[in-house]
Amino acid sequence: ISMNPNFDPNTNSYVITVPYSIEKLNVAATPQNGNATVSGTGVIDLPIGRSLHNVTVTSVDGEDNTYSLNIYRLEDDASLASLSVKDHNISPIFTKNNLNYDVEIETSETFLDITAIPVDPGATVQITGNGGFVEGSNIIIIKVATVTGKEKIYTLTELSKKNIIESS
């Protein structure tokens with residue numbers, strides 16, 4: 001879980017993004033002045049989507065300083081947010097709902113530097129078939145799984161440039 005921006009007592013609005021698997025959040029705050037009081041702390045329930053939570057620091061003079069937490073709990077989504085291959089273009093251009101892509105490589109390449117980032121930071125990504133390429137096309141499987149067991153499988157078909165030229 002990260003807060004953006006990092007805490008600064010002079011900044012009053014923050015964005016917090018949490019994975020689907022996080023259902024509750026313990027909000028803690030310590031005033032700079034030990035005589036001030038803080039409200040809005042403790043364990044809060046997180047609905048899916050956006051919720052707003054305020055933490056208020058009240059000085060001994062009775063002045064309030066309110067910090068707004070815009071909390072985004074992600075959906076149980078087994079999609080990828082992005083997919084890329086270092087030094088290569090994938091085709092078609094990535095969208096999370098398209099599950100099939102092609103990538104052209106040099107015949108001498110035996111491994112691709114693939115970056116696959118899930119929508120849900122709590123999801124796992126498993127890549128199989130990336131390496132030991134044989135002449136022709138090779139299928140790389142990218143499986144995304146959420147903590148609840150929801151899965152989505154993307155395929156990346158590796159095409160060597162030599163085979164593309166010969167088949168044209």
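The values are calculated or read from the model by the stated rules, or taken from the named source; none is laboratory data. Just so we're clear, the structure is a prediction, and the values are computed from it rather than from any experiment. All Cβ positions, even for glycine, are placed from backbone atoms using ideal geometry, and neighbour counts span all protein chains on display. Keep in mind that these areas ignore ligands, DNA and RNA; they rest on the heavy atoms of the full protein, side chains included. Shrake-Rupley method; radii C 1.70, N 1.55, O 1.52, S 1.80 Å.
Could you list log10 I(q)/I(0) for segment 1-73 at q = 0.14, 0.15 Å⁻¹, which the Debye formula gives when each Cα is one point scatterer? The Cα Debye sum returns log10 ratios of -0.44, -0.51.
In the distance distribution for the chain, Cα-Cα pairs more than 22 Å apart total 58 percent.
Assuming 0.36 nm per residue, please report the length gained on full extension of the stretch residue 82 to residue 100 beyond their Cα-Cα distance.
Details: separation 18, 0.36 × 18 = 6.48 nm, distance 1.32 nm.
Value of the extension gain: 5.2 nm.
When +1 charges are put on Lys and Arg Cβ atoms and -1 charges on Asp and Glu Cβ atoms, the dipole computed for the chain relative to its Cα centre reaches about 260 debye. Where is the GNM fluctuation largest for the chain (alpha-carbon springs, 10 angstrom cutoff): 100, 26, 54? Highest fluctuation among the options: 26.
What are the semi-axes of the equivalent ellipsoid for segment 117-163, taken as the square roots of 5 times the Cα gyration tensor eigenvalues, largest first, in whole Å? Could you put the intermediate results ahead of the total?
Numbers: eigenvalues 150, 14, 12 Å².
After diagonalising the Cα gyration tensor, the semi-axes are 27, 8, 8 Å.
Close amide H contacts of residue 81 (hydrogens built in the peptide plane, cut-off under 5 Å, sequence separation of 5 or more or a different chain): 117, 119.
Multiplying the residue separation of residue 1 and residue 13 by 0.36 nm and removing their Cα-Cα distance gives an extension gain of 2.7 nm. For residue 24, a cut-off of 17 angstrom between C-alpha atoms picks up these aspartates and glutamates, skipping any fewer than 8 places away in its own chain: 45, 75, 76, 120.
Spin-label model, residue 108 to residue 51: label points 7 Å out along the Cα-to-beta-carbon direction sit 5.6 nm apart. Highest GNM mean-square fluctuation among 65, 12, 35, for the chain modelled with Cα contacts below 10 Å: 35. The sum of -39500 (n - 2.57) across all DSSP H runs of n ≥ 4, divided by the residue count of the chain, sets its helix-only mean residue ellipticity at 222 nm to -1000 deg cm²/dmol.
Within the same chain, aspartates and glutamates fewer than 8 places from residue 86 are excluded, and of the rest, those with a Cα less than 17 Å from its Cα are 102, 104, 106, 109, 113, 158. Between residue 139 and residue 58, the contour length at 0.36 nm per residue exceeds the Cα-Cα span by 23.1 nm. Taken per residue, the accessible surface of segment 25-168 reaches 58 Å², heavy atoms only and a 1.4 Å probe. Expressed in Å, the radius of gyration and Dmax of the Cα atoms of segment 55-122 are 22.1, 73.
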